[in-house]
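Structure record follows, encoded as structure tokens.
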Amino acid sequence: MKILKIVILLIFVISAFWAGFHIREKKAILETFSLKNSGEEQAKVWTCSMHPQIKQPKPGKCPICGMDLIPLKSDTASSDNKKPVITLSPYAEKLAEVNTTPVVRKFVSAEIRMPGKIGFNEYTMSYITARMPGRIDKLYVNYTGIAVKKGEHIAEVYSPELLLAQQELLQSLKFAKTAKSDDEFAVRILNSVKEKYRLWGFSEEQIQEIIQRGKVSDHLTITAPISGIVIEKAVREGQYFEKGEKLFTIADLNELWVNLEAYETDIPWIKYGQDVEFTTDASPGKTFKGKIAFIQPVLDEMTRTVKLRLNVDNRDGILKPGMFVRAVLRAEIADNGKILNDNLAGKWISPMHPEIIKDHPGNCDICGMPLVSAESLGFADRKDRSLRPPLVIPVSAPLLTGKRAVVYLAVPGKNRTYEGREILLGAKAGDFYIVDAGLKEGENVVVSGNFKIDSSVQIHGKPSMMNPYPRDEKIKEKTPEKKHEHVAAIPLSDELAEAYFSVQQALFHDNLEEAVRHAAKLDERYSTKLAEAKDLKSARESFAVISSYLYNDLKAGHGKLKKPVYKFLCPMAFDGKGAFWLQDNDKIQNPYFGKIMPECGELQEKISARK
């Protein structure tokens, strides 16, 4: 009985203790709930922790993911909170794995990989066509792929017209022999007949053979005009042909073309005359080299690539047309998009044959065209003291959202504090981006953990990569859309238009001095610096800006037009970014490439004359 009383007493004590604990817990929950409600009532804006762009005036569910909305802190309305600055706790910084690196100036290298295919060199191909109608009586070359040497027999043809031609030759020869020694008329007749034979494809040896034989023959032996491979045979034995028909095609394989494709983003680092290395599956471990001889001025809209061509020496015969290749172009980049190339610095290059390189101006030994300077093609010398390395950041630093680029910087003197900033990026070069505006050398930019920092910034409702930043003044300077509003209503003068067209013609002829001479009125109206240009590249950059301003003025009706004005677009200008210009005639005269590609461009618009 005593034991039963003790057990009942223990049960009573435990029940009382549990009831008290439950009451305290319930009280704590109620207090917490009360505090939560108090905070919720104070909150004016509710957001989603997963989608911070969602902002509602009252609690509820996120319309995207369905999660409960949470109140934004009361300080979201303060002016400080609108600044893209955030301070992380030591634990949050460690969890975000934040790392920074300084913004530096240095020469960076880009490695561009391109697929391609080997093809015939069209310059060295020879086509044998019929100069007169006839019939193939015998084929010495009876299949494609056979190698022939210059002067070797290819076919024997019968032609009735050949009889008349030989009679004419023998008669003129007889007349020259019977004439007086000083009879120039007879000599001219004989030479003109011989020249006609040469135009028909007869070699000098064949002409002398007819003369020595002294009698006509109704058969002609066709010989190979060059050494190479017969890649096309369009006739068979016994087949008749007409004048002008193609009979054979011979290709010289000592020099080949390699046709490559480069992506749109790689265009800034591809220059005419650059060396490119490539490999083939047929020769593993062996590297071949070629020079860029052509860059197609039009982008393939389906593949977003630009086609380019290499000239390759193949005198050892290893390369075969049709082989696939894997090419690599390595470019070391300086400021303003220049490509460092010590071998070409100060040199002069043929615009048609990049293998022709000289130390001084002159003409190409192959085509006779004037040589152009390597600097005009975009090359620079490392020894040039005026040359600066570009300002670069690692590719992991910027957060890219369409046309905007956002970086986070460590705030000097404040631990674990980071500031967001919108910057203007240039082209990508290997593992780096070139910075055009928005950063300074020595600033510490976040290279890892930046996305986590941005997520925290978004939750706090501050400017982030999803919400635009106040634009940096230097970036605004790079955006000239509204730069000359103060002159928009001022009518255009005839002298201004004439100055523009004079500059356009001067740049078309690569004449910097003449372009600068006519630039004063243009600079005065549009606040540009064309008259201060030290080279053609900077002059053309200023001219592109002026073209944009002048076009806007003309479209707005601020000027009278005595005659039509034509707008042309060059998609390859400024390393593929493209630019347009205006002309007072409809013949393409490209001011951005001059003599290199004078007809690159397309007519976009005709602005009619108005009084």
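What follows draws every value from the coordinates through simple rules; no lab data is involved. Computed from a prediction, not measured in an experiment: that's the story for all the values here. Cβ placement follows ideal geometry from the backbone for every residue including glycine, while neighbour counts extend to all protein chains displayed.
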Packing rank of 132-144, 371-383, where each peptide gets the mean count of other beta carbons within 10 Å, highest leading: 371-383, 132-144
When Asp365, Asp523 are ranked with the fewest other C-beta atoms within 10 Å first, the list becomes Asp365, Asp523
Span from the segment 314-386 Cα centroid across to the segment 238-277 one, whole angstrom: 19
Return Ser493, Ser396 ranked ascending by Cβ neighbour count within 10 Å, so the fewest neighbours appear first. Ser493, Ser396
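Counting Lys +1, Arg +1, Asp -1, Glu -1, what net charge surrounds Gln274 among other residues with beta carbon under 10 Å of its beta carbon? Don't skip to the answer; put the middle values down first.
Values: positive: Lys271, Lys291, Arg330; negative: Asp275.
Surrounding charge for Gln274 is +2.
Please give the length that would be gained between Phe175 and Asn444 if that part of the chain were fully extended, namely 0.36 nm times their separation in residues minus their C-alpha to C-alpha distance (nm, one decimal). Before the final figure, lay out the partial values.
Values: separation 269, 0.36 × 269 = 96.84 nm, distance 9.37 nm.
Fully extending the segment from Phe175 to Asn444 adds 87.5 nm.
Taking the number of other C-beta atoms within 10 Å as the exposure measure, put Lys452, Lys529 in order starting with the fewest. Please list the in-between numbers first.
Details: Lys452 18, Lys529 14.
Listing Lys452, Lys529 from fewest to most nearby Cβ atoms yields Lys529, Lys452.
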Take segment 122-251, compute every pairwise Cα distance, and split them into 10 Å bins from 0; I just need the percent in each bin. 12, 40, 30, 14, 4, 0
Using alpha-carbon coordinates alone, the radius of gyration and Dmax of segment 485-607 in Å work out to 13.3, 38
Given backbone amide H placed at 1.01 Å from N, residues whose amide H is under 5 Å from that of Asp436, ignoring those fewer than 5 places away on the same chain, are Leu424, Leu425, Gly426
Can you compute 3J(HN,Hα) from phi for each residue in segment 507-517, using the Karplus curve 6.51 cos²θ - 1.76 cosθ + 1.60 with θ = phi - 60°, rounded to whole Hz and x for Gly and Pro? 5, 4, 9, 6, 9, 5, 4, 5, 5, 5, 5
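Glu255 to Val298: extension gain in nm, 0.36 nm per residue of separation minus the Cα-Cα distance?
Details: separation 43, 0.36 × 43 = 15.48 nm, distance 2.56 nm.
The span from Glu255 to Val298 would gain 12.9 nm if fully extended.
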Spacing of the two label points (7 Å from each Cα toward its C-beta) at Asn585 and Arg382, in nm: 4.6
Would you give the gap between the C-alpha center of segment 88-120 and the C-alpha center of segment 491-568, rounded to a whole Å? 40
Could you tally the net charge around Lys138, taking each other residue with its Cβ under 9 Å from the Cβ of Lys138, Lys/Arg +1 and Asp/Glu -1? -3
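Between Rg and the Kirkwood Rh of segment 271-354, both from Cα atoms, what is the Rg to Rh ratio?
Numbers: Rg = 14.6 Å, Rh = 14.8 Å.
Rg/Rh: 0.99.
Given R₀ = 45 Å, what would the calculated FRET efficiency be for Lys555 paired with Glu205, taking r from the Cβ atoms and rounding to 0.05?
Details: r = 68 Å, r/R0 = 1.50.
Efficiency, from the Cβ-Cβ distance: 0.10.
Within 10 Å, count the other beta carbons around each residue, average over each peptide in 54-63, 215-224, and list them highest first.
Details: 54-63: 13.2, 215-224: 16.7.
Sorting 54-63, 215-224 by mean packing, highest first, produces 215-224, 54-63.
If you take the alpha carbon radius of gyration of segment 150-209 and divide it by 2.2 N^0.38 Å, what ratio comes out, to two decimals?
Working: Rg = 13.2 Å, N = 60, 2.2 N^0.38 = 10.4 Å.
For segment 150-209, the normalised Cα radius of gyration comes out at 1.26.
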